[in-house]
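Participant: Before I ask anything, here is the structure I am working with.
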Amino acid sequence: MKTQIARLSPHQNAKVFGVLTALGSLVFVIPMAILVSFIPPGVDAAGNAVDQPSPLFFLFLPIAYLLMGYIMTVVGCALYNWMYQYLGGIEYESRDQ
């Protein structure tokens with residue numbers, strides 16, 4: 001039986017995708033934060049110490065991934081829902097076992 005997806009729920013899909021991207025970003029953010037903590041402070045041309053990135057920066061990254069994942073999924077679902085009326089939906093085939 002062929003079925004078309006007529007509508008994607010923007011808010012529900014965006015919540016799920018936003019959380020998944022935030023959790024997925026932790027795979028990169030945690031090792032990056034650990035590695036940066038071992039970098040000795042730099043020195044500029046005048047011999048003054050240069051500040052390292054703040055730990056708050058690494059806390060911001062998963063939040064940024066969550067927000068951008070949410071926003072882009074809402075936009076994508078809204079675009080799909082609008083285009084459905086002109087092009088039709090994603091079609092898949094399913095069988096009862």
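Read the figures in this text as sums done on the coordinates, not as results from a lab. No experiment lies behind these values; they were computed from the predicted model shown. Cβ coordinates were reconstructed from backbone atoms using ideal geometry, including for glycine residues, and neighbour counts include every protein chain displayed.
Participant: Could you list Phe60, Phe17 so that the one with the fewest beta carbons within 10 Å of its beta carbon is first and the one with the most is last? All intermediate terms of the calculation are to be shown ahead of the outcome.
Facilitator: Numbers: Phe60 12, Phe17 18.
Taking fewest neighbouring Cβ atoms as first place, the list is Phe60, Phe17.
Participant: Further, regarding this structure: Once every DSSP H run of n ≥ 4 in the chain is given -39500 (n - 2.57) and the sum is divided by its residues, what mean residue ellipticity at 222 nm do you get, rounded to the nearest 500 deg cm²/dmol? If you can, show how the numbers build up before the last one.
Facilitator: On the way: 2 runs with 61 residues, N = 97.
Taking each H run of at least 4 residues, the total per residue is -22500 deg cm²/dmol.
Participant: Ok, one more. Among Val50, Phe17, Leu87, whose Cα lies farthest out toward the positive end of the dipole of the chain, if unit charges sit on the beta carbon of Lys, Arg (+1) and Asp, Glu (-1)?
Facilitator: Leu87
Participant: For the chain, what is the charge dipole size about the Cα centre, in debye to the nearest 20, if Lys and Arg each add +1 at the Cβ and Asp and Glu each add -1 at the Cβ? Let's see the in-between values first.
Facilitator: Values: 4 positive and 5 negative charges, 69 e Å.
Computed charge dipole of the chain: roughly 320 debye.
Participant: Here's another thing I want to ask about it. Measure nothing fancy, just the Cα-based angle from helix 10-37's long axis to the longest principal axis of the chain, in degrees from 0 to 90, nearest 10.
Facilitator: 20
Participant: Provide the FRET efficiency to the nearest 0.05 for the Ala64-Val16 pair, computing r from the beta carbons and using R0 = 25 Å. Before the final figure, lay out the partial values.
Facilitator: Details: r = 18 Å, r/R0 = 0.71.
Calculated value: 0.90.
Participant: While we're here: Along segment 51-59, what does the Karplus equation 6.51 cos²θ - 1.76 cosθ + 1.60 (θ = phi - 60°) give for ³J(HN,Hα), rounded to whole Hz, x for Gly and Pro?
Facilitator: 5, 8, x, 6, x, 5, 4, 6, 6
Participant: Which label marks the calculated value of Rg/Rh (Cα atoms, Kirkwood Rh), given the options (1) 1.28; (2) 1.12; (3) 1.00?
Facilitator: (1)
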